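Below is one structure, written out as structure tokens; the observations come after it.
The values are calculated or read from the model by the stated rules, or taken from the named source; none is laboratory data. As the structure is a prediction and not an experimental result, all values here were calculated from the model. Cβ sites come from the backbone with ideal geometry, for glycine too, and all protein chains shown count toward neighbours. Remember, those area values only see protein heavy atoms, side chains included, never the ligands or the DNA or RNA. Shrake-Rupley method; radii C 1.70, N 1.55, O 1.52, S 1.80 Å.
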Amino acid sequence: MFNKKECVAMLLAGGQGSRLYALTQKVAKPAVPFGAKYRIIDFPLSNCINSGIDTVGVLTQYQPLVLNEYIGNGQPWDLDRIHGGVYVLPPYQTASGADWYSGTANAIYQNISFIDRYDPEYVVVLSGDHIYKMDYNKMLDFHKAKEAAATIAVLDVPKEEASRFGIMITDDQDNIIDFEEKPKNPRSTLASMGIYIFTWKKLRAYLIANEEDKEASKDFGKNIIPDMREAGEKLVAYRFDGYWKDVGTIDSLWEANMDLINPNIPIDLYDPSWKIYSRNPVLPPQSIGPNAQIQNSMVTEGCVINGSVEFSMISDGVIVEEGAEIYDSILMPGAVIRKGAKVEYAIVGENTEIGENAQIGARPETIDDKDQWGVAVVGNNISVSANGVVAPKAIIYENI
Amino acid sequence: MDVNMGNVLGLVFANMHDTTLGDITKNRTMGSVLFGGRYRLIDFPLSNMVNSGISEIGVITKSNYQSLLDHLGSAREWDLARKKGGLYILPPFGSVESTLYRGRIEALYGAMSFIKCSRAKYVILSDCDVVTNIDYKPILAQHIESGADITAVVHTGVYTSDEIKTSTVLNTDESGRVSSVLITPEISGTCTLSLNMFVMSMEFLTETIKDSMARGLVSFERNILQDRCRDLKIMTYEYENYFSKLNSVSSYFAANMKLLDPENSQKLFVAKRSIYTKVSDNAPAKYDLDCTVKNSLIADGCIIEGEVENSVLFRGVKVGKGTKVKNCILMQDTVVGDNAELNYLITDKNVHISANHILTSSPEYPMYVGKGASV
């Protein structure tokens, strides 16, 4: 039974996340732990349900095991529905052959029949690697009011950062008149957030046309949006002024985690009207020992903290033994930090053990050559032996 | 001995011992009393049954069960939202001639239509007053092997008169068979206390209920355990693991505080035998700049700006700047303003303590602040 839906969301979660290195060897980027008790995909999924969108297709391709298991039947996000709900959509074989998703547009193209079953007026296309809280419904209202074919959410970024983004050039009515990808001399500061709303009939036609063009790279930014502009479709920019961050790199992942404990950054996880949901690990409350010191940090269930923790994100089931010190770091689920170990400006992967008196990363002020400094990363399911050293900026995949 | 837990029915009494916790159970069942930072007492028997392999459980309620219904919901969190079996909530069965039950037998009689539908061969009964992580498999195995009519889970130890006067004492012969029963006696010293968990066969249970009701007998402890211990074979199962028996506000306080010692909490929260509870989707706990937290159990959703020591903070508790919280149990969504001082305090849900207040009491009689109160 397929009830008509006004709007269906398609979440692009197939990216390998190769710039996250050791953290995405066996896990798709959207399933990377974030903010002590979440995974990145919790943010777009929670935004969907909080915006009243209850039909979500999650397009997966790379290392989908953990992601599939995490999404499950969608119940933690209230997306286990009789009509709609969340569906994991991997590439599949058809009578005419089988193809991997060869681009963002191709991934949606291959799932046209999924979308058609709900006969929606609109489709929201989302990315699985952004941290933000956004009411898609407001954007949809804007899309409808503008009678647009496509609406692209944009963020006004500082001029010096604009050349890192896809930049939208608009007229005074927020109509998109031109765009440029990572321009050296940006003509505007409106950066695309990778969030699109399309009128489905229009998008459907452009997806099919793009697929017939063998030369096309089958990408929204490179093909669909330019094709629509050339054909004279109405494209508008929807200005978003909240917190938004792409967490595609080690540095941005680390920064976005730290943003959660920065009182000056406007992302509030404690707002009961816009909860971010996640799958619950079923663990007891966090146990804080008699000699523990914790400040300016977030800690979640199942943790046992006996050492010092400052400016850090401590995920579920982490153990920090007595005398261990954690500064400006992210400890992912199940990490164990043994006695006397010091973790500074680092990311420690899931179920990884840091041996006694080991030293992971370093503070930037202790390194003279700033090019040598960066966030240290210790990958998932490995161990660093007692007294082991992981230099700043180093990325470790295997036991040392 | 390998036992098949697939043919066991679990029955949990949510309301037994409601009077022992004073105001904490004024508006809720014993089963819905908050415990250990994020749990309610019923989570323990339910999780224990589920972890022992029981997948058909009835919860017998009597009164004030709204909070219990809210907590249990569809029972998905305990993995009991099943097509076969699952969780059944059994409120008092209202018929023209029936009243609220007066004893365990009458309560079971009220649930007879449910019990009769079960195809289980054995029944495990449990109250909600004992907090522990127990495996029922070896108890059922002993029950079957010994050929007992009833197996009662007990613990032999040195108890104060306060602890004994709300309990049932089972005296046994050298084989472990119950020879005499004392109900809420005023004694102290070494004795064998019932932990209010019993195993029996389905046949024995249904026959006993029918027979007792016909004779107008309503109390399981008095009319079955005590009066018939000579003609029935009632065996004890000595339980040696960690547990807390709650029978007063001060024992409730002490049982929470015991969890601050990792030796104890590791015995209650065992990795492969999780204690399940309702998920409430809180953000992680946030420790602010200049906060100090020592020797405490903290749940998600807490925001701590002040000092917390030797305390249990439930989900969503807020502690203001300059505030000192020591030896306290602050239940869900308690908000403490800035520069307050709390010592030996139990606050119920949604209590609001405004800035600069000083509330102190003693470990023997911790002060209790009722649900939703503003101080």
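Observations on the model:
- Whole-Å semi-axes of the protein assembly as shown's equivalent ellipsoid (Cα gyration tensor): 54, 32, 24
- For the set A:Trp373, A:Trp200, the ranking by accessible area, highest first and with no ligand, DNA or RNA atoms included, is A:Trp373, A:Trp200 under a 1.4 Å probe.
- Projecting the Cα atoms of B:Ser161, B:Pro138, B:Gly10 onto the charge dipole of the stretch B:5-268, computed from C-beta unit charges around the Cα centre, puts B:Gly10 farthest toward the positive end.
- Sorting A:Val343, B:Val279 by accessible area puts them as B:Val279, A:Val343; the probe is 1.4 Å, largest comes first, and only protein heavy atoms count.
- Net charge of Cβ neighbours under 9 Å - reference A:Thr300; Lys, Arg +1; Asp, Glu -1: -2
- The charge dipole of the stretch A:138-181, taken about its Cα centre with unit charges on the Cβ of Lys, Arg, Asp and Glu (plus for the first two, minus for the last two), comes to roughly 240 debye.
- Mean separation of Cα pairs under 8 Å and 6 or more residues apart, divided by the residue count, gives the stretch A:1-127 a relative contact order of 38 percent.
- Across the stretch B:349-356, rounded Karplus estimates of 3J(HN,Hα) from the backbone phi angles (6.51 cos²θ - 1.76 cosθ + 1.60, θ = phi - 60°) give 4, 6, 7, 10, 10, 6, 4, 6 Hz, Gly and Pro being marked x.
- Heavy-atom accessible area order for B:Arg102, A:Arg187, B:Arg38, largest first, 1.4 Å probe: B:Arg102, A:Arg187, B:Arg38
- Three-way shape call for the stretch A:119-251 based on the alpha-carbon gyration tensor, with the a/c threshold at 1.5: rounded
- Low-density loop positions, trypsin sites (Lys or Arg not before Pro), the stretch B:269-307 - DSSP coil, at most 11 other Cβ in 10 Å: B:Lys272
- Within a Gaussian network of chain A (alpha carbon springs, distance under 10 Å), most fluctuating of A:Asp271, A:Asp54, A:Asp42: A:Asp271
- Radius of gyration and Dmax over the Cα atoms of the stretch B:202-359, both given in Å: 22.2, 67
- Using θ = phi - 60° in the Karplus curve 6.51 cos²θ - 1.76 cosθ + 1.60, the 3J(HN,Hα) couplings for the stretch A:360-369 round to 10, x, 7, 6, x, 5, 8, 10, 6, 7 Hz; x is entered for Gly and Pro.
- Relative contact order %, chain B, counting alpha carbon pairs below 8 Å whose residues are six or more apart: 15
- Among A:Trp200, A:Trp254, A:Ala346 - extreme Cα towards positive end, dipole of chain A, charges at beta-carbon: A:Trp200
- Whether the stretch B:5-268 is rounded, prolate or oblate, judged on the alpha carbon gyration tensor where a/c under 1.5 counts as rounded: rounded
- Once the Cα gyration tensor of the stretch B:12-64 is diagonalised, semi-axes √(5λ) in Å: 21, 13, 7
- Whole-Å distance, taken between Cα centres, linking the stretch A:351-400 and the stretch A:284-334: 18
- Using alpha carbons only: equivalent-ellipsoid semi-axes of the stretch B:1-113, gyration tensor based, whole Å: 23, 19, 13
- For chain A, the relative contact order comes to 14 percent (Cα pairs under 8 Å, sequence separation of at least 6).
- Three-way shape label, the stretch B:260-305, alpha-carbon gyration tensor, a/c 1.5: oblate
- Gaussian network model of chain B, springs between alpha carbon atoms under 10 Å - residue of B:Asp70, B:Asp338, B:Asp23 with greatest fluctuation: B:Asp70
- In nm, spacing of pseudo-spin labels at A:Lys138 and B:Ser175 (7 Å Cα→C-beta vector): 7.7
- The trypsin sites (Lys or Arg not before Pro) of the stretch A:189-297 that meet both conditions, a loop assignment by DSSP and at most 14 other Cβ atoms within 10 Å of the site Cβ, are A:Lys214.
- When accessible surface is computed with a 1.4 Å probe, chains B and A are found to bury approximately 2700 Å² between them, both chains counted.
- Across the alpha-carbon set of chain A, the Rg to Rh ratio works out to 0.99, Rh being the Kirkwood radius.
- Longest to shortest principal axis, alpha-carbon extents of the stretch B:286-369, angstrom: 33, 23, 23
- Taking amide H atoms as placed 1.01 Å from N in the peptide plane, the amide H of A:Thr55 lies under 5 Å from those of A:Ala9, A:Gly85, each 5 or more residues away in sequence or on another chain.
- GNM top mover of A:Pro186, A:Pro33, A:Pro263 - chain A, alpha-carbon springs below 10 Å: A:Pro263
- Using θ = phi - 60° in the Karplus curve 6.51 cos²θ - 1.76 cosθ + 1.60, the 3J(HN,Hα) couplings for the stretch A:28-41 round to 5, 3, x, 9, 6, x, 8, x, 6, 10, 10, 10, 3, 5 Hz; x is entered for Gly and Pro.
- Å² of accessible area per residue within the stretch B:5-268, as computed with a 1.4 Å probe and no ligands counted: 40
- B:Met367 - accessible surface, heavy atoms, 1.4 Å probe, Å² rounded to 10: 70
- Close amide H contacts of B:Asn339 (hydrogens built in the peptide plane, cut-off under 5 Å, sequence separation of 5 or more or a different chain): B:Lys321, B:Gly322, B:Thr323, B:Asn356.
- Restricting the stretch B:7-102 to GluC sites (Glu not before Pro) in coil, as DSSP defines it, with at most 15 other Cβ within 10 Å: B:Glu97
- Our note on the geometry: Cα centres of the stretch B:262-285 and the stretch B:1-29, 19 Å apart.
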